[in-house]
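See below for the structure under consideration.
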Amino acid sequence: MDSIWIQGGKRLEGKIPISGAKNAVLTLIPCALLTEEKLTLGNLPRLADVDSFSHLMNELGVATAFAGRRSGQTSRKMTLDASHIDSTVAPYELVRKMRASILVLGPMLARMGEATVSLPGGCAIGDRPIDLHLKAIEALGAEIELAAGYVKASAPKGRLPGGDYSFPVVSVGATENAVMAATLTTGRSQLFNAAREPEIVDLCNLLVAMGAKIEGIGSSHLIIDGVEALHGTEYDVMPDRIEAGSYACAAGITGGSIELVGARPSEMLATTNALAAAGLVTEFTADGIKVSATGKLRPIAISTAPYPGFATDMQAQFMAMMCMADGDSYLEETIFENRYMHVPELRRMGADIETRGRSAIVRGVERLTGAEVMATDLRASMSLVLAGLRAEGETEVLRVYHLDRGYERLEEKLAGVGATIERRSKG
């Protein structure tokens, strides 16, 4: 099993190219199910989750083809051909690997009139039920049945009629599923209190490019008029704002300066505001965002929230960075109830962190020391890498398959800005 080995203490400086967004591409891939024509996605990140989703699409009968270099900065493309759907069942052995698999439910139902999807798996960061997915799709006219660990959805007359749904709480995944399902209805659908994340804007923009009729893109009120059919297109995946934020924290924790090439400032305002509050200098350049540390980090107080608030996917990385701040920082996790599993591992490296339910106090320390640590989920993995970059001595991060789910060419990108880091394989 692979691990990431780091010799800490190096100041990082240089440029890091930002890859296509994991959280976007896993939403765009199932859009191929909505059309008989080919869909080509560019700026495709090479991630384990992309491969897993590709295998799921293959199981359903979708042909996939990849083009572009396996590494380097050349854009990689994926072409999906769903002209022939062999199965409307997404099996447990594939769906259990990641929660995003539930996103085949809406588009499959919309086009085929039925879909059976296993209840999903994914990171162990708390209870993330899919009840809002099902309620939203029911509001569009679907009949839902739960049996033997599977969700079976059907359109009574072959196509969904459409309808209105108001989300009781903001849900990114449920909004995505509902939007895709609504594109091929026979009527108009309205989604109230919809999530507004940039990845949802990216999804809506792709669907519009495929012929969908969507109003209110970027707002919490989406209006979707169903169309008879969608067509194929070529579309580039948006840059990954979470990856960019993670490398911004690498600049902060090492006292360095990194330009995040391709990052979009408009999609990262909560992150850049938090970086500025911590004393980092953020410059919006022609190519992206440059983040520089000019002195001791300042303590901050942040609370995760749906977009445009501070992203829960950035909480662990900021926690690692705040370990080196001059004072006490306060973090509150409002999205998931079990997202502090990286705290014991950071403590092994000398961090002083106290958790109280969904709140955490991070007391700045003079130094971190390298240790063997265990990753528990994707973003927790990155927090341990960040700590290792600053720590004195050697750090080894185990279970890096979590990292491979969301960070493309991590070691190569960090080594390119001065880190001493490498992947090691164990028998």
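Say whether the condition of being part of a loop (DSSP other than H, G, I, E, B), in contact (Cβ under 8 Å) with a residue 60 or more places away in the chain and touching a Lys or Arg at 6+ places or on another chain (Cβ under 9 Å) is met by at least one residue in the range 274-286.
Restricting attention to the range 274-286, the residues satisfying the condition of being part of a loop (DSSP other than H, G, I, E, B) are 278-279, 285-286.
Filter once more, keeping what is in contact (Cβ under 8 Å) with a residue 60 or more places away in the chain: none.
No, every residue in the range 274-286 fails to be part of a loop (DSSP other than H, G, I, E, B), in contact (Cβ under 8 Å) with a residue 60 or more places away in the chain and touching a Lys or Arg at 6+ places or on another chain (Cβ under 9 Å).
Residue by residue, here is whether (1) assigned by TED's automatic domain parsing to the domain that holds LEU414; (2) among the polar types (S, T, N, Q); (3) out of contact with any Ser or Thr (no Cβ under 8 Å at 6 or more places or on another chain) holds:
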position	(1), (2), (3)
GLY357	yes, no, yes
ARG367	yes, no, yes
VAL373	yes, no, no
THR376	yes, yes, yes
ALA380	yes, no, yes
- request: Tell me which residues, restricted to the range 329-363, are surrounded by fewer than 18 Cβ atoms within 10 Å (Cβ to Cβ), of a type in the set (A, V, I, L, M) and more than 20 Å from the chain's Cα centre (by Cα).
  value: ILE361
- request: May I ask you to list the residues in the range 81-114 that are within 16 Å of GLU37 (Cα to Cα), in contact (Cβ under 8 Å) with a residue 24 or more places away in the chain and over 21 Å from the mean Cα position of the chain (by Cα)?
  value: ASP81, ALA82, SER83, ILE85, ASP86, MET108, ALA110, ARG111, MET112
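How many of the residues making up the range 250-273 are aliphatic (A, V, I, L, M) and either out of contact with any strand residue (DSSP E or B) (no Cβ under 9 Å at 6 or more places or on another chain) or not in a helix (DSSP H, G or I) (or both)? Break it down into steps so the answer makes sense when it comes.
So the first thing to find is which residues in the range 250-273 are aliphatic (A, V, I, L, M), and the list is 250-251, 253, 258, 260-261, 263, 268-270.
Add one more test, that the residue is either out of contact with any strand residue (DSSP E or B) (no Cβ under 9 Å at 6 or more places or on another chain) or not in a helix (DSSP H, G or I) (or both), and what stays is 258, 260-261, 263, 268-269.
So the count comes out to 6.
Among THR376, THR355, THR395, which is the only one that is without any contact (Cβ under 8 Å) to a residue 24 or more places away in the chain, touching a helix residue (DSSP H, G or I) at 6+ places or on another chain (Cβ under 9 Å) and not aliphatic (A, V, I, L, M)? Working first, answer last.
Working: THR376 fails: without any contact (Cβ under 8 Å) to a residue 24 or more places away in the chain; THR395 fails: without any contact (Cβ under 8 Å) to a residue 24 or more places away in the chain.
From the options THR376, THR355, THR395, the qualifying one is THR355.
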- line: Flagged in the range 151-166 as in contact with a helix residue (DSSP H, G or I) (Cβ under 8 Å, 6 or more places away or on another chain) and either modelled with pLDDT under 90 or among the hydroxyl-bearing types (Ser, Thr, Tyr) (or both), in numbering order, are SER154, TYR165
- prompt: In the range 92-136, what residues are modelled with pLDDT of 80 or more, among the charged types (D, E, K, R) and either in contact with a helix residue (DSSP H, G or I) (Cβ under 6 Å, 6 or more places away or on another chain) or buried (at least 20 other Cβ atoms within 10 Å of the Cβ) (or both)?
  reply: ARG111
message: Among the residues of the range 325-350, what is the count of those that are in contact (Cβ under 8 Å) with a residue 24 or more places away in the chain and either closer than 18 Å to ILE6 by Cα or β-branched (Val, Ile, Thr) (or both)?
response: 9
- prompt: Say we look at the range 364-418 and pick out the residues that are at pLDDT below 95 and among the hydroxyl-bearing types (Ser, Thr, Tyr); which of these is surrounded by the fewest Cβ atoms within 10 Å (Cβ to Cβ)?
  reply: TYR401
- prompt: Quick one: which helices (runs of 4 or more DSSP H) sit completely within the range 131-237 and have at least 1 residues that are in contact with a Pro (Cβ under 8 Å, 6 or more places away or on another chain) and in contact (Cβ under 8 Å) with a residue 12 or more places away in the chain?
  reply: 131-139, 172-182
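Say we look at the range 1-12 and pick out the residues that are part of a strand (DSSP E or B) and in contact with a helix residue (DSSP H, G or I) (Cβ under 8 Å, 6 or more places away or on another chain); which of these is modelled with the lowest pLDDT? Don't jump to the end; show me each part of the working.
To start, the set of residues in the range 1-12 that are part of a strand (DSSP E or B) comprises 2-7.
Filter once more, so that each one left must be in contact with a helix residue (DSSP H, G or I) (Cβ under 8 Å, 6 or more places away or on another chain): 2, 4, 6.
On the way: ASP2: 91, ILE4: 97, ILE6: 98.
Checked the range 1-12; the qualifying residue modelled with the lowest pLDDT is ASP2.
Considering only the range 15-119, give the helices (runs of 4 or more DSSP H) lying wholly within it that have at least 1 residues that are touching an Asp or Glu at 6+ places or on another chain (Cβ under 7 Å), within 17 Å of ALA153 (Cα to Cα) and not assigned by TED's automatic domain parsing to the domain that holds GLU243.
Working: elements: 22-28, 48-60, 92-95, 105-112.
Where helices (runs of 4 or more DSSP H) fall fully within the range 15-119 and carry at least 1 residues being touching an Asp or Glu at 6+ places or on another chain (Cβ under 7 Å), within 17 Å of ALA153 (Cα to Cα) and not assigned by TED's automatic domain parsing to the domain that holds GLU243, they are 48-60.
The values are calculated or read from the model by the stated rules, or taken from the named source; none is laboratory data. Predicted, not measured: the structure shown is a model, and the values here were computed from it. Virtual Cβ from ideal backbone geometry, glycine too; neighbours counted across all protein chains shown.
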